[in-house]
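Asks: Starting off with a structure, shown below.
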Amino acid sequence: MGSLRMLIVFLCLLPFWRFEIPDKKYWFPLFCFSLSMGFLANVFMTISLNKANIVSPIIIGSQLAIPFAILLSSFFLKEKVSIKQWAFIIISFFGIFLIGFDPLLKNELIALLLITFMAFFYGAAQVFSRYLKDLKVTLTNAYMGLVGFIFLFFSSVIFEGNFFQNINSISIKSWLLILHAGIFVSIGAHMSMFYLYKIYPVKKVFPFYALFPIFGVFQTFLVFYEIPTLITFLGGGIVIVSIYLLNKQE
């Protein structure tokens, strides 16, 4: 459950946060960052995975977060984007569009659409984090965990029913997955990325996220025995290569 993941993040970072209140100028971007990363990205990711029968296209589709982040950073942060970078951004979207024509994915279009929304909010969170580069990452992520937990908790109560009954039904294996997502992914991986935004612009840091599908698709093969189709390989290759070349541009 996403709300438990965010609660774990908040509780782990609470000793480092110590209820420090940032300057008022950071309140709005901090709330937008927390809402995008802690709530909206989690919601659309969870729903897309629930709708999907095949995981690998969803993993590849999440890569749209990179061009979304670079597009948003060019508009809001005024980071310069060259003509070549614009071209690679368009090509990456074409790769996802191509995956959508895979005959085996005709029932996965809703999931691909949902993961596109997830990618947008995930990319937006990277941009908002640049506005917060003068704040400690423990503070920003503690707020993110708190806001994410509150919104996800009430969403769970409204749409899923009895929250505490659902917690009692969670297996040990699921608890281990929740702890892994909260501690190793949200705190370990995400906080490391947000720390880099203190030093580098979005367009230099976030494209390394393109390594994610290489490991993700390989793991879906090991765990779920999924073998991507030729169209998925082709579309995914276009996405990964275009994003790699996007990162190589100055």
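The values are calculated or read from the model by the stated rules, or taken from the named source; none is laboratory data. Note that this is a predicted model, so its numbers are computed, not measured. Note that we place each Cβ from the backbone using ideal geometry, even for glycine, and neighbour counts take in every protein chain shown.
Asks: Which of the residues spanning segment 56-79 are at pLDDT below 70 and of a type in the set (Asp, Glu)?
Replies: none
Asks: Out of the residues in segment 153-169 that are hydrophobic (A, V, I, L, M, F, W, C) and under 28 Å from Phe33 (Cβ atoms), which is surrounded by the most Cβ atoms within 10 Å (Cβ to Cβ)?
Replies: Of everything passing the filter in segment 153-169, Phe153 is surrounded by the most Cβ atoms within 10 Å (Cβ to Cβ).
Asks: Here's another thing I want to ask about it. Consider Ile54 carefully, then state whether it is outside any helix (DSSP H, G or I) and either of a type in the set (Gly, Ala, Ser) or without any contact (Cβ under 8 Å) to a residue 40 or more places away in the chain (or both).
Replies: no
Asks: Let me ask another. Determine which member of the set Ile70, Ile83, Ile96 is more than 15 Å from the chain's Cα centre (by Cα), surrounded by 21 or more Cβ atoms within 10 Å (Cβ to Cβ) and farther than 30 Å from Glu160 by Cα.
Replies: Ile96
Matching residues to (1) buried (at least 17 other Cβ atoms within 10 Å of the Cβ); (2) in contact with a Cys (Cβ under 7 Å, 6 or more places away or on another chain); (3) modelled with pLDDT of 70 or more:
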site	(1), (2), (3)
Gly188	no, no, yes
Pro201	no, no, yes
Phe206	yes, no, no
Phe212	yes, no, no
Val223	no, no, no
Ile238	yes, no, yes
Val241	no, no, yes
Leu246	yes, no, yes
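For every residue, the table says whether it meets (1) aliphatic (A, V, I, L, M); (2) farther than 19 Å from Tyr195 by Cβ; (3) out of contact with any helix residue (DSSP H, G or I) (no Cβ under 6 Å at 6 or more places or on another chain); (4) not in a helix (DSSP H, G or I).
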{"site": "Trp86", "(1), (2), (3), (4)": "no, yes, yes, no"}
{"site": "Ile89", "(1), (2), (3), (4)": "yes, yes, no, no"}
{"site": "Ile96", "(1), (2), (3), (4)": "yes, yes, no, no"}
{"site": "Ala111", "(1), (2), (3), (4)": "yes, yes, no, no"}
{"site": "Leu114", "(1), (2), (3), (4)": "yes, yes, no, no"}
{"site": "Met118", "(1), (2), (3), (4)": "yes, yes, no, no"}
{"site": "Gly123", "(1), (2), (3), (4)": "no, no, no, no"}
{"site": "Phe128", "(1), (2), (3), (4)": "no, no, no, no"}
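Asks: Please verify whether segment 139-162 includes one or more residues that are over 28 Å from Cys12 (Cα atoms), assigned to a helix (DSSP H, G or I) and not hydrophobic (A, V, I, L, M, F, W, C).
Replies: no
Asks: Would you pick out the residues in segment 25-42 that are surrounded by fewer than 24 Cβ atoms within 10 Å (Cβ to Cβ) and aliphatic (A, V, I, L, M)?
Replies: Residues satisfying the conditions are Leu30, Leu35, Leu40.
Asks: Inside segment 16-36, can you point out the residues that are in a helix (DSSP H, G or I), at pLDDT 90 or above and not basic (Lys, Arg)?
Replies: Tyr26, Trp27, Phe28, Pro29, Leu30, Phe31, Cys32, Phe33, Ser34, Leu35, Ser36
Asks: I'd like the full set of residues that are under 16 Å from Ser3 (Cβ atoms) and hydroxyl-bearing (Ser, Thr, Tyr), limited to segment 169-204.
Replies: Scanning segment 169-204 gives Ser169, Ser174, Ser186.
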